[in-house]
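The values are calculated or read from the model by the stated rules, or taken from the named source; none is laboratory data. As the structure is a computational prediction, the values presented were derived from the model and not from experiment. Here the Cβ is made from the backbone with ideal geometry for all residues, glycine too, and neighbour counts use every protein chain on show.
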Amino acid sequence: MKDSIFACIFMLLIYTTSNAGTLVNDTWLPSGCGEKPVAPSIDASSVDGFNRSLETIRVWQENANKYYACLVEEANADIALIAETANEAQEKFQVEVDKISQDAIKIKADLDGS
């Protein structure tokens, strides 16, 4: 069982370090989405400044949409991998429990028949 858990954790670490987000100090961050775009401020000093701000906001919004789409994709990949890893570990555990149970039944039958 220790080997199964170790293998699952090892696979999870390999996957998360190469393809998915990272979890540090209880904060999950995507690893392949680049820097989160910083929201721009609006220049209210003049009409020209305001108009330039609108273009800056448009570009920021495009970049932010790409970033958050990537974030959601990575989060979903991590969730799927974690669930798959946990389910595989649980299935291996169940196989071990079933084998021990079958062995115990057989040994008990052998001892009762002696």
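Scanning the range 1-49 for residues that are at pLDDT 65 or above, of a type in the set (A, V, I, L, M, F, W, C) and within 25 Å of residue 67 (Cβ to Cβ) yields a total of 9. Considering only residues that are closer than 30 Å to residue 20 by Cα and among the hydroxyl-bearing types (Ser, Thr, Tyr), which ones fall in the range 33-55? None; the set is empty. Here residue 88 fits the description: surrounded by 14 or more Cβ atoms within 10 Å (Cβ to Cβ), under 32 Å from the mean Cα position of the chain (by Cα), touching a residue at least 40 places away in the same chain (Cβ under 8 Å) and part of a helix (DSSP H, G or I).
Of the residues screened, residue 71 is one that is modelled with pLDDT of 95 or more, among the aliphatic types (A, V, I, L, M) and part of a helix (DSSP H, G or I). Residue-level check: of (1) free of Cβ contacts under 8 Å to residues at least 24 places away in the same chain; (2) within 20 Å of the chain's Cα centre (by Cα), residue 74 misses just (1). Of the listed requirements (1) small (Gly, Ala, Ser); (2) touching a Leu at 6+ places or on another chain (Cβ under 9 Å); (3) exposed (fewer than 12 other Cβ atoms within 10 Å of the Cβ), residue 21 misses just one: (3).
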